[in-house]
Amino acid sequence: MKARVVGFLLLALVGRLGATEPAPEMKFAWVDPSSPAAVPVRQAGLRMIDILGGNLVGETERLLATVGLNESVELLHLQNLKLPRAIEGRPKLIGFKFTSYRIRNPRNAPDAAELAALDYIRDALKRGSEEASQPLVQKIERAGAPDEWRVYRPLATMTSCLYCHGAFDSLQPAVRAVLHRRFPEDQAVNYGAYDWRGIVRVSYELPAPPPPAPAK
């Protein structure tokens with residue numbers, strides 16, 4: 001679990017991750033994750049979040065072992081990560097994204113639905129509710145387009161993340177230089193160990209219902 005969270009927190013270095021954004025006039029609503037319509041989306045979303053985390057952890061560990069921290073900050077990327085091929089009859093992955101109140105890349109700024117997810121988790125944390133650690137399911141309605149189903153999972157800052165997200169003055173000078181050059185408006189610093197960092201979300205379209213049987 002630790003490596004998975006560490007990997008996801010490094011997503012802030014790479015900017016946008018192939019997200020598919022709804023139109024500004026989108027309508028969104030929370031969906032009970034245990035409802036029949038949401039269960040296949042939630043299950044697929046959590047599996048995909050695990051896969052994405054594993055892929056990035058592997059890349060991160062490889063770079064740290066071969067080129068070191070400073071060069072890893074320069075090289076880490078997922079821009080070329082392709083969405084998996086859709087499987088007939090299963091939810092189709094159409095996008096994924098990492099976002100937060102405090103972003104590193106302006107392109108990662110939360111849209112209205114993502115901001116609602118951040119607010120939901122923030123409020124649950126204030127209440128001390130276990131809901132803060134649970135995945136969320138959201139349905140997005142867009143005019144003239146299929147509904148989008150989103151699965152969100154909250155993320156925390158692990159100790160290893162502080163190399164790039166800790167107190168700004170404590171970052172290595174070379175790391176600060178890279179971040180300043182690539183992300184001059186960076187806000188994703190000054191975190192402490194185990195602070196809540198943000199969310200990862202994956203988006204799906206449900207398969208079209210089968211056509212009605214012909215009348216006899």
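No value in this document is a laboratory result; all are computed from the given coordinates. Just so you know, these numbers come straight off a predicted model, no measurement behind them. Every residue, glycine as well, gets a Cβ built from its backbone with ideal geometry; the counts of neighbours run over all protein chains shown.
Taking a point 7 angstrom from the Cα of Arg90 along the C-beta vector, which residues in region 39-58 have backbone N less than 14 Å away?
Of the residues in region 39-58, 40-52 have backbone N under 14 Å from the label point off Arg90.
Lys and Arg at +1, Asp and Glu at -1: add these up for the other residues within a Cβ distance under 11 Å of Cys164 and post the number. Write out the running numbers ahead of the final one.
Details: positive: Arg104, Arg176; negative: Asp186.
Spelling it out: positives minus negatives among the neighbours equals +1.
What GluC sites (Glu not before Pro) does region 115-216 have in DSSP loop regions with at most 14 other beta carbons within 10 Å?
On the way: sites: Glu130, Glu131, Glu141, Glu148, Glu185, Glu205; in loops: Glu185.
Sparse-neighbourhood loop GluC sites (Glu not before Pro): Glu185.
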